[in-house]
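Q: Below: one structure in structure tokens.
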Amino acid sequence: MKIRNLLITTALAIALFPDVTTAEKLTLLLTKRCPNCLLSWVKFSHVDLSGADLRNSNLRGARFVNVNLTDADLSGADLRHAYLEGVSMQNTNLCGAIMMNGQKSPIGCWAK
């Protein structure tokens, strides 16, 4: 029942918000799963994304303010020009993520 409701909600979101970025942001907020998503220049404020799957996502220029990313997987994500303020990142996997300064991160690579 939960999966059916989630699929209906996601389909409705895509129908109402044909913009890929908006649909993917909504999917992330509902499911905490959005690997390979295009979320560049998206704003996140006061949300709990703990344990979120954002592997290989484009987060270039994204703005995170007071966001919980504890235990999230951002391995391989592109964080160039991203803005992080008041973000909790305990145990966050950043292995291979391209950081704000353009360098690849080794953080979390040992967790595999």
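Q: Which distance in nm do the two modelled labels at Thr31 and Val65 give, with both placed 7 Å along the Cα-to-Cβ direction?
A: With each label point 7 Å from Cα toward Cβ, the separation is 2.9 nm.
Q: Let me ask another. Where both residues lie in the range 33-111, what percent of DSSP beta bridges are antiparallel, nearest 5?
A: Taking every DSSP beta bridge with both residues in the range 33-111, the antiparallel ones total about 5 percent.
Q: Computed over the Cα atoms of the range 68-112, what is the convex hull's projected area averaged over all directions, in nm²?
A: Here the figure is 2.9 nm², rounded to one decimal.
Q: Given 0.36 nm per residue, what is the gain on full extension from Thr22 to Leu84 after removing their alpha carbon distance, in nm?
A: So the extension gain works out to 20.3 nm.
Q: Still on this structure, I have one more. Could I have the simple spin-label model distance between Trp110 and Trp41, label points 7 Å from Cα toward Cβ, reported in nm to one decimal?
A: 3.9
A short reminder: the numbers here are calculations on the coordinates, not readings from a lab. Small disclaimer: the values here were computed from a predicted structure and weren't measured. As a convention, Cβ positions derive from the backbone with ideal geometry for all residues, glycine included, and neighbour counts pool all protein chains shown.
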